[in-house]
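The values are calculated or read from the model by the stated rules, or taken from the named source; none is laboratory data. Just so it is clear, the model here is predicted, and its values are computed rather than measured. Cβ placement follows ideal geometry from the backbone for every residue including glycine, while neighbour counts extend to all protein chains displayed.
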Amino acid sequence: MVLLDSCVLIWIAAGDHGRISANSRQVLMTHRWAVSALTAWEVAVKHAAGKLTLSSDPATWWSTAVAYHELIPLSFSPVTAMRAGVLPPIHFDPFDRGLVATALTENIAIVTPDERIHAYQSVGLQVIW
């Protein structure tokens, strides 16, 4: 199982596979995909702010993506929240820090092009790109 960064889920749902690295596409073919509750929140926030256009309202978009791609939804627990809070100050986006903490807590790799997230390999994060 691998955790999808929010941007990767958005690209997959839009059919924009060309934005995903060849290595990541290969890994995605052989692993189940997990998504964080934080990604649902981020999608809704960006859509509400006019920064993300979706094919439907965020709740419908989310439930359709989860069902269609057979995604494994992961919650964001207080334990994971605490872990996010004590991560080294490499990345300051709370959504991304939460995704890093989720991947670390679940002991799974994250699929992301975000170089700042890649820097968390120094604390044991497994990154695919």
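Scanning region 34-53 for residues that are hydrophobic (A, V, I, L, M, F, W, C) and crowded, with 19+ Cβ neighbours inside 10 Å, we see that the one that is nearest to Ala81 (Cα to Cα) is Leu38. When you check Leu52 against the structure, is it closer than 12 Å to Ser6 by Cα, touching a residue at least 40 places away in the same chain (Cβ under 8 Å) and aliphatic (A, V, I, L, M), yes or no? Against the criterion (closer than 12 Å to Ser6 by Cα, touching a residue at least 40 places away in the same chain (Cβ under 8 Å) and aliphatic (A, V, I, L, M)), Leu52 qualifies. When the criteria are applied in full, Thr105 fails the requirement of being in contact (Cβ under 8 Å) with a residue 24 or more places away in the chain and touching a Gly at 6+ places or on another chain (Cβ under 8 Å). Residue count for region 1-46 satisfying the condition of being in a helix (DSSP H, G or I), of a type outside the set (A, V, I, L, M) and touching a helix residue (DSSP H, G or I) at 6+ places or on another chain (Cβ under 6 Å): 5. Looking only at region 57-95, residues that are part of a helix (DSSP H, G or I), exposed (fewer than 13 other Cβ atoms within 10 Å of the Cβ) and β-branched (Val, Ile, Thr) come to 2 in all. Look at Ala65 and say whether it is in contact with a helix residue (DSSP H, G or I) (Cβ under 9 Å, 6 or more places away or on another chain), farther than 23 Å from Arg116 by Cβ and not acidic (Asp, Glu). Against the criterion (in contact with a helix residue (DSSP H, G or I) (Cβ under 9 Å, 6 or more places away or on another chain), farther than 23 Å from Arg116 by Cβ and not acidic (Asp, Glu)), Ala65 qualifies. Of the residues making up region 74-92, at least one is under 13 Å from the mean Cα position of the chain (by Cα) and not aromatic (Phe, Trp, Tyr).
Here Val45 passes the criteria (1) under 18 Å from Asp96 (Cβ atoms); (2) under 14 Å from the mean Cα position of the chain (by Cα) except the one numbered (2).
Pairing each residue of region 112-125 that is under 15 Å from Val2 (Cβ atoms) and in a loop (DSSP other than H, G, I, E, B) with any residue that is of a type in the set (Val, Ile, Thr) and at pLDDT 95 or above, provided the two are 6+ apart or on different chains, yields C-beta distances under 7 Å for Thr112/Val8; Thr112/Val127; Leu125/Val100; Leu125/Ile110. Pro113 falls short on exactly one of the conditions (1) closer than 18 Å to Gly15 by Cα; (2) over 11 Å from the mean Cα position of the chain (by Cα); (3) buried (at least 16 other Cβ atoms within 10 Å of the Cβ), and that condition is (2).
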